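Trainee: My questions will all concern the structure given below.
The values are calculated or read from the model by the stated rules, or taken from the named source; none is laboratory data. A quick note: this is a predicted structure, and the numbers were derived from the prediction, not measured. Because the Cβ atoms are built from the backbone with ideal geometry, glycine has one as well, and the counts that use them run over all protein chains shown.
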Amino acid sequence: MKLFGFIAVIIVGALLLAATGDFPAWGDAGSPASQGQVSSFYIEQTINETKVPNMVTAVLADFRGYDTMFETVVIFIAGIGIIAVLRTFGDQASKAPDGPEADNDSGDLIVRTTCHMVVPLIQLFALYVIAHGHHSPGGGFQGGVMLGASYILFALACGLPAAKRRMGERRAIIIAAAGIIIYAGWGVACLLLGGNFLDYTSLDPILPGDEQMARSHSMLVVEIGVAFTVTAIMFAIYSNLSTRGRLEKGL
Amino acid sequence: MIEESFLPLITWMVSLLAVPAILLLRRTPNAREMATFVAAFAKFALVAVMVPMILDGRVLRFSFGEILPGIPLEFRVDGLGILFALVASSLWILTTLYAVGYMRGLKEHDQTRFFACFAVSISATIGVAFAGNLFTLYLFYEVLSLSTYPLVTHHGDKEARSGGRTYLSHLLGTSVAFVLPAMIYCWVRSGGDMSFTDGGFLAGKIGAGDGMIVLLALTLGFAKSGLMPFHSWLPNAMVAPTPVSALLHAVAVVKVGVFCVIRVFTGVFGTDFLGELDVATAVSWIAAFTVITSSLIALSQDNLKRRLAFSTIGQLGYIVLGVSLLSPLGVTGSILHIAMHAFGKITLFFCAGAIYVAMHKKYVSELVGIGRKMPITMAAFAIGSLSVIGLPVTGGLVSKWYLVMGTAESGQIALLVVFLVSSILNACYFLPIVYRAFLCRPEESLYDGGRQEAPLACLVPLCITAALSVFSFFNPNLLLKLAGLMTGVE
Amino acid sequence: MTEHFSALILLMPLFGALLVTLLGRERRTACWLTALVCLAASSAFAIGNICQVLASKSGDLRYRMGGWQESAGYEVGIELRVDMLAALVVAMVVLVGFVNIIFAKTRVGSEMKDKVAFFYALKQLLIVGLCGIVMTNDAFNLYVLIEITSLTSYALIAMGNRRAALSSFNYIIMGTIGASFYLLGVGYLYIKTGTLNIDDISSVMQSGDLWAHPSIMIAFVLIMLGIWTKMAFFPLHGWLPNAYSYAPGVVGSFMAPLMTKVMVYVMLRVMLWLFGGEYVYSSGHIWGELIIWMSIIAIIAGSFLALACTDIKKMLTYLIVAEVGYMVGGAWLMDGAGILGSMYHILSDAAMTFCLFLAASIVILRTGDHRLTAFTGLFRSMPLTMTGFTVGALSMIGLPPTCGFFSKWYLISGAIEVGHWSYVAALLFSSLVNAVIFFRIIERAYFGRIEGVESLPVDADGSPPVVLDRVPYSMLLPLLMAAGSVLLVGIYNEVLAGWLRAAIPSL
Amino acid sequence: MIWQFDIIILIFMVLAAIIALRVKDLLGATLVFGIYSFLICLLWAEMGAVDVAFTEAAVGAGVSTVIMIATVFSTARRSRD
Amino acid sequence: MEFLAAGFIEENIVPKFNYWVYVILMMIGLFAMITKNNLIKKLIGMAIFQTAIILFYVSIGVKAESGIPILGHEQHHEIVEEGRASSEVIKKEKFANPLPHVLMLTAIVVGVSTLGLALAISQRIYGSFNTLEEDEILDQLRPGGHD
């Protein structure tokens, strides 16, 4: 196996290296990819077409919004896939519900206190990242991961049961599905108002501003949708993986 | 003169329509058999209605529409087809009658399945007879292979299953491995046309080398014709109940094989074109080899049905040999021999079955003196033997006569010798049975007591087929005319 | 509304999946109904789509996501492109999905236990992915959708027993390698052409005359390697048999007919539309002859491996490996008839594998045994199931009028036209091996006796009564539908072939 | 974009990748993999791909590492290779 | 000879250093995926493999003199408030190509999803085989083993 692997790797590597000689030099602004009509359009016209300064966000949520919808679906699949594979639904009823002070039974006091202080800050920053994705790096996905991470942090510090009370499994799934419903539903709304799927300009009549602003606003909506899904799924993944699907006690 | 008509379709459908009736009436055997009979008579009547039309020189055609680009699923009834259909449908009536007697006589299991498959296979046979192009022919050829499989393996025991396995593997294997690619090759070469025409649709479109390969692939691929080396399914399939052996191995299956070969020679290539290519000799020699070898093997068989099976292989070899001579007389002889051999051989099988029903005997060596016990059966057996050997007062002589004439016409003297030698061999393996059945000394006889024939339902058909054999000697005109439509021989 | 059909085909199961997860795992019947309704709607749209393609003059429909018009001749957004081939394959995907949902109804409870809702959700998402793959005209979007189908299938397979989990893990490794190779190939194309739309890449390569560049060739090799891994082309097939045979029954019967076929479609798409027949088939490349020989090896090896199997499902999966060889070989025959055969075989193979897998699942359910010996005597106790199985088997062998015969017909005629006799021989050989395999089973089912059969009540002529299969109708009906489709696809092959022929770009 | 910086990060990345695969303690391997993710995130930020870097920091170095550690904790920590 | 080698390095390695490293990383990952025995190690290899491809894509988008693909406040202001045509203000060379970045966001997401699912499956495997070493698992599955 080792030998076979080695040979395969050498062959593929040689093949790839052979092609690099053919590439434009690294950082060449004149390469077809950089010079091409498509990327020029994105760089020059984004601001005119969508009024969004962050080209990455514009391309992500509008020009290639269809891709991003499926990216969200990928996350969703990972989440419910992990639950489907790992989760063991057992005798839920027999387990005593955790008392209100369960927050305090686990973990170190200092850790817990710090956590209680830090988590809101993280969440605040995450919301900022989501909302400010138009103007600065970030967006629904990054912000969503951070929100999810704040719950993970909470679970690490105060125990999974405590985190579960804030983001239970059922609730996580509903939030995750709701995220995609927001995204795809927004696209369907475009469709109902006469445009193509995800053609935000057709929402102009019901949104403030002109057609370009409609795009800008719509991007925010779909980013929020992405954030919903990502937040919920990140936490669901963690909670399942850290307890082997039993969702009892975390790490 | 080609005209569109629904008659071929209806003729083909009749026996298929009987299948649901047979399945529904499975609890009342009499009504079930009635359905079969109604279908059989209807089919025969329809074929008979078509005969005068065909004799007028008309060709009936029915098309289901194209199933592959350029290839319709179509029926086309010409002289050759109607002759074969006539033989098959008339013998179906008799076989059904016989089968009822046989199956009830032996209290066989699964009779419903038996009759249903029987009806499907006769339908497929008619489909082959009426097939208007190579593809339709192939389609019904395969349907026939599959629908007869349950019949061959009817007993379901180990022997039957291994026989069935040989049966299916040979027939399916050769047709998929040889016929299918050859057929597609024909399709590609002929530019998408596969209809049988008088001159052959491949005429002028293929070279000698390719032509040789395609011809061999098609001839050997239609392995139902029993040419060596793909003959071994036939003796193995004799494990089937005797009515099956009778119909399938005297009429339907093997005759479909040679019918296909005749179609290949006349409809695909055209005899004139094959003469130009000069490739048919190879087939002649394979057939000649088959004729001699199978006759020799038949001599050594003690099981009566196996002996009949090898005899069939030899007779099929005649037919292929006749058509491969490419002379009009030879082809006429081949076409006639389909009918004549069918009448003769089915008589023999019926007799073998009758002996089994009445006496439970299967071996030639057990038949000494049986002539006194079952005189009618053995008399019919004698007539059948004469027909197969080709001796007077039976139809076998007529067709053999044409075959020999064809050989002479084409100047193949060596093949003439083959005919003569094999006829002598035929006599050698049949006549002693008849002789010892009737003319043994009393102390040699294995039987005593009075006459004990098989049930009437078994006896009547074999008398009728024996009579047909004799009748076709005195009045072969109808068959001759139908064959003449194909070959131009008056 | 009609112009949105291609988008709606996707959206229906997408929303269906979300609704199912919202319904929760207690409401099984509601989940089933939701999935059924969504897929039925999707099927209706897919059929409408076929009609639209037929009606359109250009022969293909284009749908711009987000309504972005092209700028200076380049698509800036993502575009869907539905030609006749795509419309037919999409219809095949959703119809198989729909029928399989019916089939799943009774089984899913016992196979998935508490995870019924997740099963329906994942399954619908898998359909979304497959439909998306077929319709998209964007090379990168194709990657995302391939990953959607992969992730859902990893999860669905891993829902089975512990062996299924292990096979799923191997599938993840192989699948990721395959998808990453594809992604890398797309990157190579992007770096040379600066666009991602399949038609645009093709036209840039045409106008810039990039054909001679080694990176284009390596991109092609990488993409092909990736796709072959995903479709289990012979030396890369290792993951498939275990994954599909250990997967839960309702999952295997659904994935086996679709996944590899859709990847074959992707291969054709890449060969004929992305790179163009002119480039792929030009004699200057090393691969031409080589790949046909590889497919011949695939066909023969797949057949032999199937012959050696004693497990019914595993045998069927090895047959899929052989069938993939058919399609790859047909596509590489370098002529229209071969490509047509390959396209038609996508449809017909889906129909017959579906039929066989359904029948096998029913048999395994009823007998509790997954070996070939389980079939002993089944014709008596389960006549309808075995009829369905027989139809599928005859199609695998290639007897008329089943669809398997006609796809062989087109493939062989393609091979004959270019004179590739070894491929013809391989096809025939595999037909014969299939005949051996299936008649072995059918014979056993037909004649084998199980103890206790003699005690059944005997009717007038001695044959035991025909008992209905003692299988729920929700399983029997899909099987019969699948068997019917095997025959329908066969009988209407000329119509389908006519449609497909119009979709083949001139070489 | 500073190419010297670039080369240094790249070399460290290769080293991190090799170490992550050679360490027999899976927890250690996971941590080294986290370092690898951070390096690559740095590289991307330096290449101007801030959004990608941000995502990689959150996902690759953050969530991936955490779920890997979670898995290592709930399964075996030692590896034979 | 030495000159030639130096020339080769100058022409093929230095300007394409990124591409070389991505190939090396990718091969490391691929090798690990094929040959490693431990499932977690395979997954680490897989992650490295995927990041290598992401590295390749991001490298495509780099322009030597460019900044991040986000408009600064001044540029934004000039276009939106003063209504100057965007092509005057925005020089293509000043911005990295945003498209590869977008694609790679998706690829990262796909990567982490695959990783998560694979980890879940390996936990299940551990649950039923009690080991994560591939050869030990196969030993158990062999007929005559504990299966």
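Trainee: Pick from C:Ala256, C:Ala219, C:Ala232: which is aliphatic (A, V, I, L, M) and on the phi > 0 side of the Ramachandran plot? Working first, answer last.
Mentor: Details: C:Ala256 fails: on the phi > 0 side of the Ramachandran plot; C:Ala219 fails: on the phi > 0 side of the Ramachandran plot.
Within the list C:Ala256, C:Ala219, C:Ala232, the selection yields C:Ala232.
Trainee: Could you list, in sequence order, the residues of segment B:267-305 that are at pLDDT 85 or above, in a helix (DSSP H, G or I) and not hydrophobic (A, V, I, L, M, F, W, C)?
Mentor: Listed by number, the residues that qualify are B:Ser284, B:Thr290, B:Thr293, B:Ser294, B:Ser295.
Trainee: While we're looking at this one, here's another question. Might you check whether a residue that is touching an Asp or Glu at 6+ places or on another chain (Cβ under 8 Å), free of Cβ contacts under 8 Å to residues at least 40 places away in the same chain and buried (at least 19 other Cβ atoms within 10 Å of the Cβ) occurs anywhere in segment A:148-170?
Mentor: The answer is no, given that none of the residues of segment A:148-170 is touching an Asp or Glu at 6+ places or on another chain (Cβ under 8 Å), free of Cβ contacts under 8 Å to residues at least 40 places away in the same chain and buried (at least 19 other Cβ atoms within 10 Å of the Cβ).
Trainee: Quick check: anything in segment E:127-146 touching a strand residue (DSSP E or B) at 6+ places or on another chain (Cβ under 7 Å), crowded, with 24+ Cβ neighbours inside 10 Å and within 11 Å of chain A (Cβ to nearest Cβ)? Lay out the reasoning, then the answer.
Mentor: Let us first name the residues in segment E:127-146 that are touching a strand residue (DSSP E or B) at 6+ places or on another chain (Cβ under 7 Å), namely E:132-133.
Still in the list and also crowded, with 24+ Cβ neighbours inside 10 Å: E:132.
In the following step, the residues that additionally are within 11 Å of chain A (Cβ to nearest Cβ) were identified as none.
No; the residues of segment E:127-146 include none that is touching a strand residue (DSSP E or B) at 6+ places or on another chain (Cβ under 7 Å), crowded, with 24+ Cβ neighbours inside 10 Å and within 11 Å of chain A (Cβ to nearest Cβ).
Trainee: So in segment B:416-448, with the set limited to residues that are small (Gly, Ala, Ser) and modelled with pLDDT of 85 or more, which one is nearest to B:Ser294 (Cα to Cα)?
Mentor: Step one: list which residues in segment B:416-448 are small (Gly, Ala, Ser), which gives B:422-423, B:427, B:437, B:445.
Now restrict to residues that are modelled with pLDDT of 85 or more: B:422-423, B:427.
On the way: B:Ser422: 9, B:Ser423: 12, B:Ala427: 14 Å.
Checking each candidate, the answer is B:Ser422.
Trainee: Mind listing whichever residues of segment C:192-212 are small (Gly, Ala, Ser) and away from chain A (no Cβ under 11 Å)?
Mentor: Within segment C:192-212, the first condition is being small (Gly, Ala, Ser), and the residues that meet it are C:194, C:202-203, C:207-208, C:212.
Within segment C:192-212, C:Ser202, C:Ser203, C:Ser207 qualify.
Trainee: State which residue is surrounded by the fewest Cβ atoms within 10 Å (Cβ to Cβ) when the search covers only segment C:9-30 and only residues that are of a type outside the set (Val, Ile, Thr) and over 14 Å from C:Leu125 (Cα atoms). Don't jump to the end; show me each part of the working.
Mentor: Start the filter on segment C:9-30 by keeping residues that are of a type outside the set (Val, Ile, Thr), which leaves C:10-19, C:22-28, C:30.
Filter again for over 14 Å from C:Leu125 (Cα atoms), leaving C:22-28, C:30.
Numbers: C:Leu22: 19, C:Leu23: 20, C:Gly24: 15, C:Arg25: 21, C:Glu26: 10, C:Arg27: 15, C:Arg28: 18, C:Ala30: 14.
It comes out as C:Glu26.
Trainee: Quick one: in segment B:370-392, of everything that is touching a Ser or Thr at 6+ places or on another chain (Cβ under 9 Å) and surrounded by fewer than 21 Cβ atoms within 10 Å (Cβ to Cβ), which residue is farthest from B:Arg441 (Cα to Cα)?
Mentor: B:Leu391
Trainee: Which of the residues belonging to segment C:185-214 are surrounded by fewer than 22 Cβ atoms within 10 Å (Cβ to Cβ) and under 31 Å from the mean Cα position of the chain (by Cα)?
Mentor: Listed by number, the residues that qualify are C:Asp199, C:Ser202, C:Ser203, C:Met205.
Trainee: Condition check: within 14 Å of the chain's Cα centre (by Cα) and of a type outside the set (Lys, Arg). Does B:Thr347 satisfy that? Quick ask: steps written out before the conclusion?
Mentor: Numbers: within 14 Å of the chain's Cα centre (by Cα): yes; of a type outside the set (Lys, Arg): yes.
Taking the combined requirement at face value, the residue satisfies it.
Trainee: Could you check chain D for helices (runs of 4 or more DSSP H) lying wholly inside it with 2 or more residues that are touching a residue at least 40 places away in the same chain (Cβ under 8 Å) and more than 14 Å from chain A (Cβ to nearest Cβ)? Give the steps one after another, and end with the answer.
Mentor: Numbers: elements: D:3-22, D:26-47, D:50-56, D:65-74.
Helices (runs of 4 or more DSSP H) meeting the threshold: D:26-47.
Trainee: Which fully enclosed helices (runs of 4 or more DSSP H) of segment A:143-244 have 1 or more residues being touching a helix residue (DSSP H, G or I) at 6+ places or on another chain (Cβ under 6 Å) and more than 14 Å from chain C (Cβ to nearest Cβ)? Walk me through how you get there before you give the answer.
Mentor: On the way: elements: A:160-166, A:169-192, A:211-242.
Output list reads A:160-166, A:211-242.
Trainee: Can you give me the number of residues within segment C:111-128 that are at the interface with chain A (Cβ under 8 Å from one of its Cβ atoms) and either among the small types (Gly, Ala, Ser) or outside any helix (DSSP H, G or I) (or both)?
Mentor: Adding up the residues that qualify gives 1.
Trainee: Which ones in segment C:36-65 are farther than 13 Å from C:Val90 by Cβ and within 14 Å of chain A (Cβ to nearest Cβ)?
Mentor: Listed by number, the residues that qualify are C:Cys38, C:Ala41, C:Arg62, C:Arg64, C:Met65.
Here's the yes/no breakdown for (1) out of contact with any strand residue (DSSP E or B) (no Cβ under 6 Å at 6 or more places or on another chain); (2) aliphatic (A, V, I, L, M); (3) surrounded by 24 or more Cβ atoms within 10 Å (Cβ to Cβ):
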residue	(1), (2), (3)
B:Pro72	no, no, no
B:Leu80	yes, yes, yes
B:Ala88	yes, yes, yes
B:Trp92	yes, no, yes
B:Ala99	yes, yes, yes
B:Tyr102	yes, no, yes
B:Gly105	yes, no, no
B:Arg113	yes, no, no
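Trainee: Taking the stated definitions as given, is C:Phe119 within 22 Å of A:Ile83 (Cβ to Cβ) and more than 14 Å from the chain's Cα centre (by Cα)? Explain how you work it out, then say what you get.
Mentor: Values: within 22 Å of A:Ile83 (Cβ to Cβ): yes; more than 14 Å from the chain's Cα centre (by Cα): yes.
For C:Phe119, the condition - within 22 Å of A:Ile83 (Cβ to Cβ) and more than 14 Å from the chain's Cα centre (by Cα) - is met.
Trainee: From the list E:Gly45, E:Gly116, E:Gly61, pick out the single residue that is at pLDDT 90 or above, touching a Gly at 6+ places or on another chain (Cβ under 9 Å) and facing chain A (nearest Cβ under 10 Å). Steps first, answer last, please.
Mentor: Working: E:Gly45 fails: facing chain A (nearest Cβ under 10 Å); E:Gly61 fails: at pLDDT 90 or above.
When all the criteria are applied, what remains is E:Gly116.
Trainee: Continuing with the same structure: Mind listing whichever residues of segment C:31-75 are modelled with pLDDT under 90 and in contact with a Gly (Cβ under 6 Å, 6 or more places away or on another chain)?
Mentor: Correct list: C:Arg64, C:Met65, C:Gly66, C:Gly67, C:Trp68.
Trainee: Has segment C:72-85 got at least one residue that is crowded, with 22+ Cβ neighbours inside 10 Å, in a helix (DSSP H, G or I) and small (Gly, Ala, Ser)?
Mentor: No - not one qualifying residue is present in segment C:72-85.
Here is a yes/no grid of residues against (1) at pLDDT 85 or above; (2) within 24 Å of B:Ile338 (Cβ to Cβ); (3) assigned to a helix (DSSP H, G or I); (4) among the basic types (Lys, Arg):
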| position | (1), (2), (3), (4) |
| --- | --- |
| B:Ser15 | no, yes, yes, no |
| B:Arg32 | no, no, yes, yes |
| B:Phe37 | yes, no, yes, no |
| B:Ala42 | yes, yes, yes, no |
| B:Leu46 | yes, yes, yes, no |
| B:Met53 | no, yes, yes, no |
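Trainee: Let me ask something additional. Suppose the filter is in a helix (DSSP H, G or I) and of a type in the set (Ser, Thr, Tyr); does B:Ser445 pass it? Steps first, answer last, please.
Mentor: Working: in a helix (DSSP H, G or I): no; of a type in the set (Ser, Thr, Tyr): yes.
Judged against the criteria, B:Ser445 is not a match.
Trainee: Here is a follow-up. Only one residue in B:Ala217, B:Ala160, B:Ala246, B:Ala177 is crowded, with 23+ Cβ neighbours inside 10 Å and assigned to a helix (DSSP H, G or I), so which one is that? Working first, answer last.
Mentor: Working: B:Ala217 fails: crowded, with 23+ Cβ neighbours inside 10 Å; B:Ala160 fails: crowded, with 23+ Cβ neighbours inside 10 Å; B:Ala177 fails: crowded, with 23+ Cβ neighbours inside 10 Å.
Within the list B:Ala217, B:Ala160, B:Ala246, B:Ala177, the selection yields B:Ala246.
Trainee: Before we move on, is B:Val143 modelled with pLDDT of 85 or more, part of a helix (DSSP H, G or I) and surrounded by fewer than 24 Cβ atoms within 10 Å (Cβ to Cβ)?
Mentor: On the way: modelled with pLDDT of 85 or more: yes; part of a helix (DSSP H, G or I): yes; surrounded by fewer than 24 Cβ atoms within 10 Å (Cβ to Cβ): yes.
Taking the combined requirement at face value, the residue satisfies it.
Trainee: Another question about this same structure. Quick check: anything in segment C:265-285 in contact (Cβ under 8 Å) with a residue 24 or more places away in the chain, under 30 Å from C:Leu365 (Cα atoms) and within 21 Å of the chain's Cα centre (by Cα)?
Mentor: no
Trainee: Criterion first (under 20 Å from B:Val239 (Cβ atoms) and of a type in the set (Lys, Arg)) does B:Lys373 satisfy it? Quick ask: steps written out before the conclusion?
Mentor: On the way: under 20 Å from B:Val239 (Cβ atoms): no; of a type in the set (Lys, Arg): yes.
Against the criterion (under 20 Å from B:Val239 (Cβ atoms) and of a type in the set (Lys, Arg)), B:Lys373 does not qualify.
Trainee: Pick out the one residue from C:Ala41, C:Ala104 that is within 18 Å of A:Gly185 (Cα to Cα), part of a helix (DSSP H, G or I) and hydrophobic (A, V, I, L, M, F, W, C). Steps first, please.
Mentor: On the way: C:Ala104 fails: within 18 Å of A:Gly185 (Cα to Cα).
The unique qualifying residue is C:Ala41.
Trainee: Filter segment A:124-142 down to residues that are more than 14 Å from chain D (Cβ to nearest Cβ) and modelled with pLDDT of 90 or more and give me whichever is nearest to E:His76 (Cα to Cα). Explain how you work it out, then say what you get.
Mentor: So in segment A:124-142, the residues more than 14 Å from chain D (Cβ to nearest Cβ) come out as A:124, A:127, A:131.
Subset that is modelled with pLDDT of 90 or more: A:124, A:127.
Values: A:Leu124: 26, A:Leu127: 23 Å.
Checked segment A:124-142; the qualifying residue nearest to E:His76 (Cα to Cα) is A:Leu127.
Trainee: Right, here's the next one. Report, by residue number, each residue of segment C:198-233 that is outside any helix (DSSP H, G or I) and modelled with pLDDT of 90 or more.
Mentor: Taking segment C:198-233 as the starting set, the residues that turn out to be outside any helix (DSSP H, G or I) are C:209-213, C:232-233.
Within segment C:198-233, no residue meets the criteria.
Trainee: Sticking with this one: Out of everything in segment B:15-49 that is of a type in the set (Val, Ile, Thr) and free of Cβ contacts under 8 Å to residues at least 40 places away in the same chain, what residue ends up being farthest from B:Val87 (Cα to Cα)?
Mentor: First, pick out the residues of segment B:15-49 that are of a type in the set (Val, Ile, Thr): B:19, B:22, B:28, B:36, B:38, B:47, B:49.
Still in the running and free of Cβ contacts under 8 Å to residues at least 40 places away in the same chain: B:28, B:38.
Values: B:Thr28: 30, B:Val38: 18 Å.
So, considering only residues that are of a type in the set (Val, Ile, Thr) and free of Cβ contacts under 8 Å to residues at least 40 places away in the same chain, the one farthest from B:Val87 (Cα to Cα) is B:Thr28.
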